[in-house]
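The values are calculated or read from the model by the stated rules, or taken from the named source; none is laboratory data. Just so we're clear, the structure is a prediction, and the values are computed from it rather than from any experiment. Note that we place each Cβ from the backbone using ideal geometry, even for glycine, and neighbour counts take in every protein chain shown. The accessibility values were calculated without ligands, DNA or RNA, using every heavy atom of the protein model including side chains. Shrake-Rupley method; radii C 1.70, N 1.55, O 1.52, S 1.80 Å.
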Amino acid sequence: MLKIAIQKSGRLYEHSLHLLQECGIEINNGNRQLKSVAFNFPVEVYFLRDDDIPQYVYDGVADAGIVGENIVYEKNKEVDVVSKLGFGRCRLSIAVPKNMNYTSVDDLKDLKIATSYTNLLQNFLNKKNVNAEIHEISGSVEIAPGIGLADAICDLVSSGSTLFTNGLKEAEVILQSEAVLISGKNISAENNAILDKLRLRINAVKAAKNNKYIMLNAPNNQLKKIASVLPGMKSPTIVPLAEEGWSSVQSVVNESDFWDIIEKLKSYGAEGILVVPIEKMIL
Ligand code: PRT
Ligand code: ZN
């Protein structure tokens, strides 16, 4: 049985449970238990504070965990990052009062910076050869400059609105972060095999999210050009239409270059383009 730790409440909780669900793993956490065994996959889920997950995985109390990279690298426990999960995206940044004339990292010299990410901040300052005072606080970091507790802060940012409402501006980005699946170094062979199965399912879910299935009609004399922008998983499927001189082309396209491809397809004479979501994609 693979023991996997996820956040018990907070920003990663819903996404983590949803990802497991999309992987076909059903868990009942109706009355907010501490742990729960899946009905249909050899997994037991532990619900923990995100800060504790790397330690539990390092100690082998849990075999794997879902947690933000910010926590993984701050806690600096020896665990393996198995896969990036594409949610919980944010960045760890240094922010300064918006009226400060900030030009470079040297402007942080001798400032007092409030953070709960002391290790990541210290590493960054060392790398940049800047000497500043780190003031550790555990919550509401963004109010520290306003109440005279610090000159600057180092905290997670996603939309930037928290910084804005507290009269701060982003000065340096220290780390880009998203939720990741981690595993312990001493995982048993049996649990490692279950983890491999889980990873395959996660990759299938992620690939499906990043890709769309596309169907279109194309004049036969344009098929070469159209096929060249639609590589698909191997190559596009091309079947003749009942109407002479036309074919139906089907393929898979990546979300990131989706609009570029659509524009090219239209310019090559494609018609009746249909785009549908993919449920799972096994490569
Ligand atoms: O109780 P527990 O310790 O488990 O939870 P927590 O309160 O420590 O963490 P939680 O639930 O707030 O966040 C869990 C994880 O979500 C973090 O470790 C990050 O990996 C990820 N994440 C993604 C974020 C954000 N985005 C985020 N915006 N975590 C926190 N924030 C906070 C940030 O600290 C700041 O206060 O949101 C504010 C900034 O947001 P914007 O949108 O105003 O910029
Ligand atoms: Zn936390």
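Of N191, N28, N221, which is the most mobile in a GNM of the chain whose springs link Cα atoms less than 10 angstrom apart? The residue with the greatest mean-square fluctuation here is N221.
A simple spin-label model places pseudo-atoms 7 Å from Cα toward Cβ; at Q250 and I273 they are separated by 1.9 nm. With all protein chains in place and ligands, DNA and RNA left out, the 1.4 Å accessible area ranks T165, T237, T115 as T165, T237, T115, largest first. Result for the chain in a Gaussian network model with C-alpha springs under 10 Å: among K206, K84, K264, the largest mean-square fluctuation is at K264. Expressed to the nearest 5 percent, the antiparallel share of DSSP beta bridges inside the chain is 75 percent.
Rounded, prolate or oblate: pick one for the chain, where a ≥ b ≥ c are the square roots of the eigenvalues of its C-alpha gyration tensor, a/c under 1.5 means rounded, and failing that, prolate if a/b is larger than b/c, else oblate.
Because a/c hits 1.5 or more and a/b fails to exceed b/c, the chain counts as oblate.
Between N101 and E133, full extension at 0.36 nm per residue minus the direct alpha carbon distance yields a gain of 9.6 nm.
Cross-link pairs exceeding 31 Å between alpha carbons, from the set K197/K224; K75/K212; K35/K197: K197/K224; K75/K212.
Would you calculate a helix-derived [θ] at 222 nm for the chain, using -39,500 (n - 2.57) for each DSSP H run of n ≥ 4 and dividing by the full residue count, to the nearest 500?
-8000 deg cm²/dmol
Ordered from largest to smallest accessible area (heavy atoms of protein chains, 1.4 Å probe), the residues V252, V96, V173 come out as V173, V252, V96. Rounded to the nearest 10 square angstrom, R49 shows an accessible area of 130 square angstrom against a 1.4 Å probe. Provide, for q = 0.09, 0.18 Å⁻¹, the log10 of I(q)/I(0) from a solvent-free Debye sum over equal Cα point scatterers in region 140-283. These q points yield log10 I(q)/I(0) values of -0.56, -0.97.
Accessible surface area normalised per residue over region 211-277 is 62 Å², counting heavy atoms of protein chains with a 1.4 Å rolling probe. Binning all Cα-Cα separations of region 1-97 at 5 Å, short to long from zero, yields these whole-percent fractions: 3, 13, 24, 26, 18, 9, 4, 2, 1, 0, 0.
With all protein chains present and a 1.4 Å probe, how do K3, K209, K280 order by accessible area, largest first?
Order by accessible area, largest first: K209, K280, K3.
Between L230, L156, L17, the residue with the greatest mean-square fluctuation in the GNM of the chain (Cα pairs under 10 Å linked by springs) is L230. Placing unit charges on each Cβ (+1 for Lys and Arg, -1 for Asp and Glu) gives the chain a dipole about its Cα centre, and among A150, N221, S140 the Cα reaching farthest toward its positive end belongs to N221. Summarising the strand pairing of region 90-177, around 65 percent of its internal DSSP beta bridges are antiparallel. Whole-Hz Karplus values for region 47-59 come out as 9, 9, 5, 4, 4, 8, 4, x, 5, 4, 6, 4, 6 Hz, taken residue by residue from phi with 6.51 cos²θ - 1.76 cosθ + 1.60 and θ = phi - 60°; glycine and proline positions read x. Given axes a ≥ b ≥ c from the Cα gyration tensor, I'd like to know whether region 90-177 is rounded (a/c under 1.5), prolate (a/b larger than b/c) or oblate. It comes out rounded by the Cα gyration axes. Counting every C-alpha pair in region 168-234, the share spaced more than 18 angstrom apart comes to 67%. Mind checking the log10 I(q)/I(0) for region 211-277 at q = 0.16, 0.24 Å⁻¹? Debye, one equal scatterer per Cα, no solvent, two decimals. Each listed q corresponds, in turn, to -0.44, -1.02. When the surface is traced with a 1.4 Å probe over the full set of protein chains, K35 keeps roughly 100 Å² accessible.
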